[in-house]
Amino acid sequence: MVEARTREVTALRPVDFARAIEVARRLEENIGRVIRGKPHEIRLVLAALACRGHVLFEDVPGTAKTVLTRALAASVDGAATARVQCTPDLQPSDVTGLSVFNQKTREFEFRPGPVFANVLLVDEINRAMPKTQSALLEAMAEQQVTVDGVTRALPAVFLLFATENPIEHEGTFPLPEAQLDRFFVQLELGYPDASDELRIVQDQRHGHPLRGLRPVVSLHDVEELQRAVEEVYVDLLIQEWLVALVRATRELDIVELPASVRGSIALDRAARGWALLHGRHYVEPEDVEALFGAVIGHRILLAPAFAATARRVGRREAMAELWRRCLELAPPPERADAPLG
């Protein structure tokens, strides 16, 4: 009962949008000191953080996926970070933790695993066995883990990064649709352009710039950012439109398995977070357009013919074509007026 009252009081507390926008700006600027030339991707990751979501990277090695994870953790004062390197012999208890018998007390004691962190990197998740992959489902969906019949809550700020190598498939176990749907966004960093790559080389002349990265916000600031996202205004016209866009995936012949209701919920939340990251307390149609591929793309299964085309032209072009097809079935609304104040 006391916990319920606390949640009610927290919900009634006024939201300081200016402070939340400043927190997001500090994070983006700090991470940008290490990750060069990827402002859009950094904002996608911060949108996931603000919306309490999780990120799936599908990219080739050496594109700073791990560095981005460490840079985010280093930017938040007091944030605990952990890394799990997935291999076929990795067990669920290696991630969640296990109970160990203490001979002195003659009782079992729980030893928490790496999942009890604020920022968790699960490297090459598709190399883990399905039973180990499934151990992450409860953590991602409900922010808790159950071991030996006891449910334990994860930290209030919890962000999971998972990586996949799209080139090597030997000895891997593709993620099932149920787990892919738990990821908030899927993205790829890609190679930097020539000028940014030159800056990266120069940055590391005297060691990795991560060493000099200092925290710029606190865990409490991140929680305030997450709470502010919930109060971002979304016009009913935009909500109806984004739902229509997701429903359009259920009518396309290029889609074999369309997006579920979870896709509509995620797109709505992502648009709120994206608006806040751009200094607004209201959502515009352009926010939905910018996020559609990253939020919906991994939640659908493409028809074989179009999947072959996607492999040839690349994920980005495939998502652009998917957007065009959905837009034909769900044209954008008239521009909604921003809320006063």
Could you go through region 268-276 and let me know if any residue there is in contact with a Pro (Cβ under 7 Å, 6 or more places away or on another chain) and either free of Cβ contacts under 8 Å to residues at least 40 places away in the same chain or not β-branched (Val, Ile, Thr) (or both). no
Filter result for the condition that a residue is touching a residue at least 40 places away in the same chain (Cβ under 8 Å), more than 28 Å from ALA290 (Cβ to Cβ) and of a type in the set (Phe, Trp, Tyr), over PHE173, PHE184, PHE158: PHE173
Lone unmet requirement of (1) crowded, with 21+ Cβ neighbours inside 10 Å; (2) over 15 Å from GLY273 (Cβ atoms); (3) out of contact with any strand residue (DSSP E or B) (no Cβ under 9 Å at 6 or more places or on another chain) for LYS38: (1)
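Here's the yes/no breakdown for (1) touching a residue at least 12 places away in the same chain (Cβ under 8 Å); (2) closer than 12 Å to LEU242 by Cβ; (3) hydrophobic (A, V, I, L, M, F, W, C):
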position: VAL283; (1), (2), (3): yes, yes, yes
position: ASP287; (1), (2), (3): yes, yes, no
position: PHE292; (1), (2), (3): yes, yes, yes
position: VAL295; (1), (2), (3): yes, yes, yes
position: ARG299; (1), (2), (3): yes, no, no
position: ALA303; (1), (2), (3): yes, no, yes
position: ARG316; (1), (2), (3): yes, no, no
position: LEU329; (1), (2), (3): yes, no, yes
Within region 78-100, residues surrounded by 19 or more Cβ atoms within 10 Å (Cβ to Cβ), part of a loop (DSSP other than H, G, I, E, B) and in contact with a Lys or Arg (Cβ under 9 Å, 6 or more places away or on another chain) come out as CYS86, LEU90
Looking for whichever is modelled with pLDDT under 95, within 27 Å of LEU302 (Cα to Cα) and assigned to a helix (DSSP H, G or I) here; the options are ARG262, ARG269. Which one fits? ARG262
From the list ALA73, ALA64, ALA47, exactly one residue is under 27 Å from LEU180 (Cβ atoms), modelled with pLDDT of 95 or more and small (Gly, Ala, Ser). Which is it? ALA47
Quick check: anything in region 104-118 over 25 Å from ALA74 (Cβ atoms) and aliphatic (A, V, I, L, M)? no
Mind listing just one residue for me: the one in region 198-217 that is over 18 Å from THR66 (Cα atoms) and not in a strand (DSSP E or B) and, of those, nearest to the chain's Cα centre (by Cα)? VAL216
Between residues in region 246-265 that are more than 15 Å from ALA307 (Cα to Cα) and residues that are surrounded by fewer than 17 Cβ atoms within 10 Å (Cβ to Cβ), which pairs lie under 7 Å by C-beta distance while being six or more apart or on different chains? ALA248/LEU329; GLU251/LEU329
Only one of ALA48, ALA24, ALA18 is among the hydrophobic types (A, V, I, L, M, F, W, C), in a helix (DSSP H, G or I) and touching a Phe, Trp or Tyr at 6+ places or on another chain (Cβ under 6 Å), namely ALA48
Under the condition of being touching a strand residue (DSSP E or B) at 6+ places or on another chain (Cβ under 8 Å) and buried (at least 20 other Cβ atoms within 10 Å of the Cβ), which residue from region 176-203 is nearest to VAL100 (Cα to Cα)? PHE183
Give region 119-164 a look and list any residue that's part of a loop (DSSP other than H, G, I, E, B) and in contact with a Ser or Thr (Cβ under 8 Å, 6 or more places away or on another chain), or say none. GLU124, ALA128, ASP148
ILE238 - would you say it is crowded, with 20+ Cβ neighbours inside 10 Å, over 21 Å from the mean Cα position of the chain (by Cα) and either among the small types (Gly, Ala, Ser) or part of a helix (DSSP H, G or I) (or both)? yes
Being assigned to a loop (DSSP other than H, G, I, E, B) and closer than 10 Å to LEU322 by Cα is the filter here; which residues of region 244-259 pass it? THR249, LEU252, ILE254
Given (1) over 22 Å from the mean Cα position of the chain (by Cα); (2) over 18 Å from VAL288 (Cβ atoms), ALA228 misses just (1)
Would you be able to tell me the number of residues in region 210-235 that are more than 18 Å from ALA156 (Cβ to Cβ) and surrounded by 17 or more Cβ atoms within 10 Å (Cβ to Cβ)? 5
Which condition does PRO333 not pass, out of (1) in a helix (DSSP H, G or I); (2) surrounded by 14 or more Cβ atoms within 10 Å (Cβ to Cβ), if it passes all the others? (1)
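The values are calculated or read from the model by the stated rules, or taken from the named source; none is laboratory data. Computed from a predicted structure; not experimentally measured. Neighbour counts run over all protein chains shown; Cβ positions are idealised from the backbone, glycine included.
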